[in-house]
Amino acid sequence: MNTSGPDNNPAADSNNCRVMATAVDRPFVIHLWEDRTRGEQWIPSYDARALALLSDEFLRIASNNAVENGQRTFEFKAVTPGVHHLVFEKRMGWKFTAEDRRVFRVEAGNLSGG
């Protein structure tokens, strides 16, 4: 689940790609809106040899008991220096295709100034 599949070509989404600069072993976060009432769930795809998922939390925002929507926070860190792609697809349990897709280009340097 944590590795890019053959259809996850981040280059195809280069015009919608968000660039993030970080350092190896320094945590960074990505916040995404999720409406669980509709069955939405963000699924990350990435190379687990390059990036590590540190935490995945959901903060419910709505005050209505019948609604469960809020902000999903993913915390990652780069394990190796270089350029890594992180792809999120918003999935619905009953659909075969993604509702939405977010692509991040993570540029990880060394803490020692590289």
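Yes/no per residue for (1) open to solvent by less than 80 Å² (accessible area, probe 1.4 Å); (2) of a type in the set (A, V, I, L, M); (3) in a strand (DSSP E or B):
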{"residue": "I30", "(1), (2), (3)": "yes, yes, yes"}
{"residue": "W33", "(1), (2), (3)": "no, no, yes"}
{"residue": "R38", "(1), (2), (3)": "no, no, no"}
{"residue": "S55", "(1), (2), (3)": "yes, no, yes"}
{"residue": "F58", "(1), (2), (3)": "yes, no, yes"}
{"residue": "V67", "(1), (2), (3)": "yes, yes, no"}
{"residue": "R72", "(1), (2), (3)": "yes, no, yes"}
{"residue": "E75", "(1), (2), (3)": "yes, no, yes"}
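Looking only at region 43-53, count how many residues are farther than 11 Å from L86 by Cβ and in a strand (DSSP E or B).
The qualifying residues number 2.
Looking only at residues in region 77-99 that are surrounded by 13 or more Cβ atoms within 10 Å (Cβ to Cβ) and either of a type in the set (K, R) or touching a Leu at 6+ places or on another chain (Cβ under 7 Å) (or both), which one is farthest from C17 (Cα to Cα)?
V79
The values are calculated or read from the model by the stated rules, or taken from the named source; none is laboratory data. These figures come from a predicted structure and were not determined experimentally. We place every Cβ from the backbone using ideal geometry, glycine too, and count neighbours over all the protein chains shown. Surface accessibility is based on the protein's heavy atoms, side chains included, excluding ligands, DNA and RNA. Shrake-Rupley method; radii C 1.70, N 1.55, O 1.52, S 1.80 Å.
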